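One structure is given below, encoded as structure tokens.
The values are calculated or read from the model by the stated rules, or taken from the named source; none is laboratory data. Being a predicted model, the structure only gives us computed values, none of them experimental. Backbone-built Cβ (ideal geometry, glycine too); neighbour counts: all protein chains shown.
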Amino acid sequence: MSTTLHLVAVIGGGTMGSGIAEVAAGAGHQVLLYDIAADALTRAVDGIRQRLASRVARGRLTAEQAEALLARIVPTTELAALAPAQLVIEAASERPEVKKALFSQLAEICSPSALLTSNTSSISITAIAADVKHPERVAGLHFFNPAPVMKLVEVVSGLATSPEVVEQLCRCVTAWGKQPVRCRSTPGFIVNRVARPFYAEAWRALEEQVAPAQVIDAALRDGGGFPMGPLALTDLIGQDVNFAVTCSVFNAFWQDRRFLPSLLQQELALAGRLGKKSGQGVYRWPLDAQTELTLSAVPNPAGALKIRRKSDAVTELDELLLMETEGQTAEALSAQYGRPVVVYDHSAGRRWCWRARSLIRSRPPIKRCTIFSSRAKKYCRLPTIRGCWCGARWRCW
């Protein structure tokens, strides 16, 4: 199967649908943007217009180019209008029954040679294609939010997907300036399968009141070298969407506790606190300047301390033991060694997280941590929990 992909149809006027439409139009395609609700299409086009205006203001695009790109996007509330499309990208509600019904309709409306793809984050492509005529043309084309910015696209094969279709989609994605990654239709594909425990650990820490959301995000963001913390990222994605994907992956893996959904996230979704798109989620949006979590450096930080390196993982600071985490609490290690203990997670990132036995009162925390500032790291204190971040704190449920 091979067809020239001139006309692209995008289904869904939400954040992902409008972003994908912008990407396709930016690559020179004529784009049909479909949504059942006219007001959703109005918001989608307005959002694209604002993003293009921002790019023009920054000199990334000329006004003429922006105008031409916007003119290539034609909104419609008629599904039948998608009939001439050679490539359809569905970005509708993340519900299996909605997608299956939609693809069955598309198979009747569009040409047998049209490629039918879904932007689903976790739903089985094999299941979506089950009732579609010519299921070999059905595949996953999973973009990431925000679609105009993020380079990665997962090209997902269902059981019946033709290798030729996958190859054609990879060429198309590459021509759009994106990086295609091929994968099979397994729960969560690649990225969401890996990311679920990352989100889950942040939610569990928030539920257990390990630290405020800003501290949890700072620890996991800077400790792991990520652009955003997991809680802020769920706000950006949308708590409803992120929670639905977590539930989908959890159920697809037969309730494996590594993917256990968060009751707190469910509460936010039920309350309509969906994050950026509703103005409030874990944080209030737009985000205010976050409190700086780095402790101030002290003059001559190590001058008053007697420092002795006992091993790669253990340093003596006077009577204090500074130890790299191996999963035990500072309380347990202090009892084991009979002296005050501070445990830290070095990680490879920009921030160290540390925790101290709660009974330590002999030295103020700022003095015990001056060795961190001398190594030009950001750092923050956590309660005495098992593990730290970003390494040993990960748990298998």
> Given the structure, is Asp217 surrounded by 20 or more Cβ atoms within 10 Å (Cβ to Cβ), free of Cβ contacts under 8 Å to residues at least 24 places away in the same chain and not assigned by TED's automatic domain parsing to the domain that holds Ala25?
Replying inline: yes
> Of these, Glu201, Glu136, which one is among the acidic types (Asp, Glu) and within 20 Å of the chain's Cα centre (by Cα)?
Replying inline: Glu201
> When you scan the stretch 312-342, how many residues do you find that are out of contact with any strand residue (DSSP E or B) (no Cβ under 7 Å at 6 or more places or on another chain), surrounded by 15 or more Cβ atoms within 10 Å (Cβ to Cβ) and polar (S, T, N, Q)?
Replying inline: 2
>> Looking at the stretch 85-98 only, could you name the residues that are under 22 Å from Val249 (Cβ atoms), surrounded by fewer than 23 Cβ atoms within 10 Å (Cβ to Cβ) and touching a strand residue (DSSP E or B) at 6+ places or on another chain (Cβ under 6 Å)?
In response: Ala92
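Name every residue in the stretch 169-185 that is in contact with a helix residue (DSSP H, G or I) (Cβ under 7 Å, 6 or more places away or on another chain) and either within 15 Å of Gly158 (Cα to Cα) or among the polar types (S, T, N, Q) (or both), in order of residue number.
Quick first cut of the stretch 169-185, residues in contact with a helix residue (DSSP H, G or I) (Cβ under 7 Å, 6 or more places away or on another chain) only: 176, 180, 182, 185.
Once the filter is applied, which keeps residues that are in contact with a helix residue (DSSP H, G or I) (Cβ under 7 Å, 6 or more places away or on another chain) and either within 15 Å of Gly158 (Cα to Cα) or among the polar types (S, T, N, Q) (or both), the stretch 169-185 yields Arg182, Ser185.
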> Scanning for something out of contact with any His (no Cβ under 6 Å at 6 or more places or on another chain) and at pLDDT below 95, does the stretch 15-37 turn up at least one residue?
Replying inline: yes
>> Step by step: first the residues of the stretch 171-196, then only those that are surrounded by 19 or more Cβ atoms within 10 Å (Cβ to Cβ) and part of a helix (DSSP H, G or I), then the one that is farthest from the chain's Cα centre (by Cα). Which residue is that?
In response: Cys172
> When you go through Ala101, Ala107 one by one, which is the residue that is over 24 Å from Phe243 (Cβ atoms) and either over 24 Å from the mean Cα position of the chain (by Cα) or surrounded by fewer than 16 Cβ atoms within 10 Å (Cβ to Cβ) (or both)?
Replying inline: Ala107
>> Any residue that is closer than 29 Å to Val165 by Cβ and modelled with pLDDT of 90 or more - is there at least one of those in the stretch 222-239?
In response: yes
> Pairs, please: C-beta under 9 Å, at least 6 apart or cross-chain, first residue touching a residue at least 12 places away in the same chain (Cβ under 8 Å) and in the stretch 159-181, second in a helix (DSSP H, G or I) and of a type in the set (Asp, Glu)?
Replying inline: Ala160/Glu136; Thr161/Glu136; Ser162/Glu136; Glu164/Glu136; Val165/Glu136
